[in-house]
Amino acid sequence: MLRGTMIGNMYFKNRADAGRQLAEKLEAYKRSNCVVLAMNSGGVMVGAQVAMALHADLFMLATEEVKVPGEPVAIAAITTDNNLTYNP
């Protein structure tokens, strides 16, 4: 039995595996003086794998979701420096 996550036609064992697979698709950016921006704890594991593979710096953007009771998707996110981004 497979354990993991399918997104589209791609299978990921875990977040680290997702990061490694994403890094393969971003190979053109290796050593190109780029940065990887990861959001919150779940994205950091993915971003760390991408940053290592691309030899890029990794930065974390901490956000907090703004939710409406009864709605499954957040309507906005706020960053630690109080910037608000709306989900259209």
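Determine ³J(HN,Hα), in whole Hz, for all residues of region 50-64 in sequence, where each value follows from phi through the Karplus function 6.51 cos²θ - 1.76 cosθ + 1.60 and θ = phi - 60°; x replaces Gly and Pro.
Residue by residue, region 50-64 yields 5, 4, 4, 5, 8, 6, 10, 6, 10, 10, 10, 10, 7, 9, 10 Hz.
Which value, in debye to the nearest 20, describes the size of the charge dipole of the chain about its Cα centre when Lys and Arg Cβ atoms bear +1, Asp and Glu Cβ atoms bear -1, and nothing else is charged? Walk me through the intermediate numbers first.
On the way: 8 positive and 8 negative charges, 81 e Å.
Around 380 debye, computed over the chain.
Could you check what % of the DSSP bridge pairs in region 5-86 are antiparallel, to the nearest 5? Before the final figure, lay out each step's value.
Values: 10 of 15 bridges.
The antiparallel fraction comes to roughly 65 percent.
For the chain, what does -39500 (n - 2.57) per DSSP helix run (n ≥ 4), summed and divided by total residues, give at 222 nm, in deg cm²/dmol to the nearest 500?
Working: 2 runs with 26 residues, N = 88.
It comes out at -9500 deg cm²/dmol, rounded to the nearest 500.
Do you know the relative contact order of the chain, to the nearest whole percent, from alpha carbon pairs under 8 angstrom that are 6+ apart?
20
Given Cα positions, please report Rg to Rh for region 5-86, the hydrodynamic radius being the Kirkwood one. Mind dumping the intermediate values first?
Values: Rg = 14.8 Å, Rh = 14.1 Å.
So for region 5-86, dividing Rg by the Kirkwood Rh gives 1.05.
Given labels modelled 7 Å from the Cα in the Cβ direction, how far is it in nm from residue 74 to residue 26?
Going by the 7 Å Cα→Cβ label model, 1.9 nm.
None of the figures in this text is laboratory data; all of them are computed from the coordinates on show. Just so it is clear, the model here is predicted, and its values are computed rather than measured. Positions of Cβ are backbone-derived with ideal geometry, glycine not excepted, and every protein chain shown enters the neighbour counts.
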